[in-house]
Each structure stands twice: as structure tokens, then as C-alpha cells.
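Some notes on the structure that comes next.
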Amino acid sequence: MTWLHRAVYRVRQFVNALGAHIRPLTAGERAEARAWLPEKAWPLFDAMPRNDQRHSLNVLRSLRTADQDEPALMQAALLHDVAKSAGGVTLFHRVSVVLLKIAWPDWAARVAQTSTPARKSPRYPFWAHANHPQLGAEMAAAAGCDPLGVTLIRRHQEPGLSTSNDATISDPTDRLLAVLQAADEDN
């Protein structure tokens with residue numbers, strides 16, 4: 001992805017996030033999301049901020065439009081970012097992370113590898129953002145999500161697969177991961 005494409009993507013993502021704060025999910029949209037989640041996982045989705053709920057529902061719809069119907073994939077679509085809000089990651093943190101990654105590309109990797117800061121530490125949301133795939137996978141597993149969905153959540157930030165040609169990916173999990181990553185990047 002070129003820097004210009006990435007910049008346009010981030011601006012669009014920011015505008016969509018602001019719009020999502022104004023417009024909550026309808027009862028029908030909530031039912032659509034709830035239909036894919038185990039009962040114990042619904043509170044995870046329900047507690048997410050509106051913008052994260054809207055993003056996750058858009059990812060799910062993008063997958064459905066692409067004729068995907070694997071329940072584990074739909075669970076991953078809905079919960080792949082659940083640990084961001086649970087970790088106290090706000091819009092300020094998200095914007096800061098984007099800017100820090102531009103200024104110091106290895107910053108996120110360094111933060112991810114540090115020991116877990118105290119929950120009340122100002123560093124904690126940055127650490128949670130960097131580690132949200134693993135944290136989200138743990139949350140989804142504890143809530144009874146499909147083990148494949150948990151794997152997809154854990155791996156959704158792995159580099160490279162979304163830009164691969166799906167036909168060249170032989171592993172079924174990697175194929176689903178590539179589809180999830182592409183839908184996530186498009187929404």
C-alpha cells in the first residue's frame with residue numbers, strides 16, 4: 001500500500017469513526033451481529049464503542065458480500081478489535097499510534113514487546129493497542145468463540161496476507177485470514 005493510499009485510508013477511517021459516534025447501530029444491525037456470536041461473546045461486542053461496532057459490522061458485511069459464511073470468520077470480523085476498547089484505547093491513542101508509526105516505524109513492535117504496564121498507566125492503552133490481537137483472542141476464547149475465530153483474531157494483524165493472491169494461499173486458515181485482512185483494510 002502506497003503512503004498516499006494509506007493516508008487516504010486513515011482519513012476515511014477517521015471520518016467514518018466520527019460519523020459512527022453520531023449514528024448508533026439500529027436494532028436490525030445489532031441483531032445481525034448478535035446472530036453470529038455465541039451468547040457469552042455478545043457482551044464483548046455490545047461494550048465496544050459505536051465506531052468499533054460500526055467498523056466490525058462493516059467488515060462482516062464486506063465478507064458476506066464476498067459470499068463468505070464461515071461462522072468463525074464472522075466472529076473474527078465482529079471481535080477482531082475488541083481488545084482496543086477494553087484496553088482503554090481512545091481516538092487520541094489511535095491517532096497518536098498512526099503518527100508514531102510514521103515517525104518511528106519500529107515503535108509499535110517495541111511497545112508490543114515491553115512488559116505489561118499497570119492498567120492505570122498512561123502507557124497501557126498504547127501497549128493494549130500494540131497487543132490487541134492477542135488480548136482480543138484471549139477475550140474471544142474466554143467468551144466461547146470458535147477456536148478458528150480465535151486464531152483469526154490473534155493473527156489478524158500479521159503482515160502480508162491481505163495483499164497475497166488468494167489462489168496462491170494453500171492453507172485454509174491463511175486463506176480466511178487473507179479475506180479478513182482485506183475486508184478490515186477496506187473498512
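The values are calculated or read from the model by the stated rules, or taken from the named source; none is laboratory data. Worth saying up front: this structure is predicted, and the values here are computed from it rather than measured. Reconstructed Cβ throughout: ideal geometry from the backbone, glycine too, with neighbour counts over all protein chains shown.
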Residue check for Ile153: more than 25 Å from Asp46 (Cβ to Cβ) and either part of a helix (DSSP H, G or I) or of a type in the set (Gly, Ala, Ser) (or both): no
Subset of segment 117-157 [touching a Gly at 6+ places or on another chain (Cβ under 7 Å), over 26 Å from Pro172 (Cα atoms) and among the hydrophobic types (A, V, I, L, M, F, W, C)]: Ala128
Any pair with Cβ under 6 angstrom, 6 or more apart, that starts in segment 115-132 at a residue that is closer than 13 Å to Val89 by Cβ and ends at one that is among the hydroxyl-bearing types (Ser, Thr, Tyr) and modelled with pLDDT under 90: none
Unmet requirement for Asp81, which otherwise passes all of (1) among the acidic types (Asp, Glu); (2) farther than 18 Å from Leu37 by Cβ; (3) modelled with pLDDT of 90 or more: (2)
Options Ala182, Ala178, Ala140, Ala167: the member that is modelled with pLDDT under 95, within 13 Å of the chain's Cα centre (by Cα), part of a helix (DSSP H, G or I) and of a type in the set (A, V, I, L, M): Ala182
Selection from segment 37-53 of residues that are at pLDDT 95 or above and among the charged types (D, E, K, R): Glu39, Lys40, Asp46
Failed criterion for Arg10 (all others in (1) at pLDDT 85 or above; (2) in a helix (DSSP H, G or I); (3) under 15 Å from the mean Cα position of the chain (by Cα) hold): (1)
Condition met for Leu148 (touching a residue at least 24 places away in the same chain (Cβ under 8 Å) and within 29 Å of Pro24 (Cβ to Cβ)): no
